[in-house]
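Beneath this line is the structure, given in structure tokens, with notes to follow.
Every number here is computed from the coordinates shown, using simple stated rules; none is lab data. Just so it is clear, the model here is predicted, and its values are computed rather than measured. Backbone-built Cβ (ideal geometry, glycine too); neighbour counts: all protein chains shown.
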Amino acid sequence: MKKALLVVCLILTGMLSGCFSGSGRGSGMLPENPGENASKLPPSLTAEVSIRLKLPDEALRAAFRAQTSAGAVFSLKLINRGNLSNPITLMRKTAAISGGTTAPDGTATVTFSSVPAVPVIVTLELEGAGIVVGATKYQVFHGGADLLPGQNNVVTIVASGSLQQEDVVARAAMLAIADFSTMNVISSAIFANLNEIYSSTGADDKLSAEKIFTNYKGKIIGAKFIALTGGAVHSIGLRDDGTLVGFGNNAAGQLAMPGLAEAWYLKFSPFTRRVSVVAARDDYSLLLCEDGRVYACGANDSLRLGSNIGDETAYPVQVPGLNNIVAISAGNQHSLAIAGAGQLYVWGANASGQLGLGSVSEAGIAPTLVSGISGVTAVAAGNNYSLIVTNGDVFAAGDNSMYQLTESTVDGSGNPVLNSPAFVQINLPVKAVAVAAGSGHCLVLGVDGYVYSWGFNDRGQAGLGTSTPFISSPQKIAAPGSVQKIFAGANHSLMVTTAGELYVFGDNSLGQLGRPLTTKIVLTPLKNPSFSGVSSAGCSENNSYVISTTGNYAFGDNSAGQVGNGSANTDDPLGVATPVLLSIASPWN
């Protein structure tokens with residue numbers, strides 16, 4: 001399918017240092033492509049690029065040091081996923097090599113600013129005869145990297161044909177650019193995946209860019225979804241190659257796609273870090289990357305993105321102060337994260353004490369370590385309340401207006417507490433392995449394989465066979481047993497069993513249970529017969545997602561195209577009750 005055209009041509013200005021002089025010979029600049037304008041690129045998508053010239057051979061370093069007047073053409077090639085006939089845009093500048101300035105270790109840098117933060121291939125081409133060492137002429141040096149915005153990105157370039165990693169990977173990326181089928185499914189984090197393929201390949205295959213490319217192509221085409229989730233009217237998905245897709249509303253940038261208001265089909269985010277966990281709520285998203293750092297995008301009310309970056313951002317920004325994170329959860333305006341040693345970090349809104357810091361605040365809170373809490377293994381953020389599991393015990397903090405903290409939470413006079421700014425223990429008959437939090441209902445997966453629920457229940461979202469508005473203490477859901485995963489939407493719930501079955505209960509007014517719209521409420525867990533071999537599932541506020549051996553599906557609210565079927569319902573009913581098979585190979589316009 002033809003993708004939307006993305007061509008950016010910038011006139012770069014920069015300061016060249018190291019073994020290149022910045023004066024050049026003439027402007028050396030290529031004219032902009034007709035009809036293209038650099039102003040199309042959102043400011044949040046620019047980066048700085050420093051080029052590191054790697055000269056591992058002493059003879060080559062000596063030859064560079066001997067140069068006094070040779071010219072060089074520096075090129076920056078954007079991996080342009082949307083223009084299959086001309087997938088790269090060149091940005092060039094001619095400069096002169098200054099002899100005697102190359103550092104002893106064979107390195108030198110060239111820095112350019114305002115570069116699109118996308119995967120790039122960097123090339124240095126020596127003019128004239130190049131540099132000759134013995135019988136070998138060195139003419140072209142190149143390499144590539146995935147760029148992150150707002151920071152300096154170092155790209156190492158090596159001699160073309162040197163068979164060093166940077167050389168082989170860059171040539172493999174060029175093959176990917178030229179291949180139609182690859183470009184049709186190509187995504188961000190290109191070089192991260194190429195370098196991983198290179199590292200895991202046998203010694204002989206490391207010498208062949210063609211073999212690296214073939215392996216890479218097989219990986220990205222065969223990538224599978226490992227997570228699907230969403231917020232109020234947006235959906236995001238994570239593939240096992242670490243790349244991110246989104247569909248639905250993007251008004252606040254919650255899909256991590258700059259310059260896009262809405263997507264009715266699955267589209268790749270340009271985010272260039274590989275992601276390992278996704279979380280979403282309301283109109284923002286959290287991304288836990290493989291390096292243990294957390295990035296956030298979307299609306300920033302109450303500092304829910306973790307920093308004072310403005311009202312919103314469409315390109316994920318790093319949440320400050322978080323390292324070695326292993327789990328994340330997004331509430332309506334607050335977030336939770338677990339560090340590798342079991343520490344709990346919290347940030348965002350705290351008007352109801354949902355951050356568990358022992359106090360309340362009308363202002364948003366920056367990422368903070370909760371003192372006195374350790375051994376945390378699971379977290380779930382709901383609407384103004386939080387659930388955590390530590391050493392198998394469940395604790396809750398925040399809003400208790402719907403008994404999310406249970407009726408046992410009382411003040412000094414024995415009256416129910418409306419909220420608690422400190423974590424209080426929830427009395428359960430078994431140890432817990434997982435928690436899920438809806439708008440006001442709570443689910444706990446016990447070590448016995450059964451689910452326990454309490455809280456808001458006006459739509460049967462507690463799964464206890466009743467629509468009693470409030471369940472004031474944890475109750476065991478009688479069946480099924482052998483549950484391995486639990487998920488909570490605003491007012492509906494999903495369970496996945498070890499046998500790969502999906503059970504649903506709660507609100508179905510928008511088809512979020514995958515049942516006919518004539519069924520408005522399901523009070524007791526009901527096996528959805530549409531699915532088998534289910535490995536995981538997910539919920540947004542009024543949507544559900546299924547990952548199974550037969551495919552990946554979305555259903556429920558489609559007011560902004562968040563079921564990914566290529567349309568958006570604008571008239572009642574707004575829901576899509578029939579599961580939609582999700583496909584990335586969809587029209588891109």
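Summary table below
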quantity	calculated
Theoretical gain in end-to-end length, residue 473 to residue 418 [0.36 nm per residue, Cα-Cα removed]	18.3 nm
Computed lengthening from residue 549 to residue 324, 0.36 nm per intervening residue step minus Cα-Cα distance	77.8 nm
Greater than 28 Å apart at Cα, pairs in 77/137; 224/485; 224/431; 54/224; 54/77	224/431; 54/224
Radius 11 Å from Cβ of residue 323, net charge of other residues (Lys, Arg +1; Asp, Glu -1)	0
Förster radius 60 Å - calculated FRET efficiency between residue 430 and residue 205 (Cβ-Cβ, nearest 0.05)	0.75
Per-bin percent of Cα-Cα distances, region 126-175 [5 Å]	5, 20, 22, 19, 18, 9, 5, 2, 0
Theoretical gain in end-to-end length, residue 393 to residue 113 [0.36 nm per residue, Cα-Cα removed]	95.7 nm
Cα centroid of region 244-298 to Cα centroid of region 161-227, whole Å	24 Å
Local net charge near residue 506, Cβ-Cβ under 10 Å (Lys/Arg +1, Asp/Glu -1)	-1
Peptides ranked, highest mean first, by Cβ atoms within 10 Å: ranges 143-152, 292-301	292-301, 143-152
³J(HN,Hα), Karplus 6.51/-1.76/1.60, whole Hz, each residue of region 422-431, x for Gly, Pro	10, 5, 10, 6, 9, 7, 10, x, 9, 6
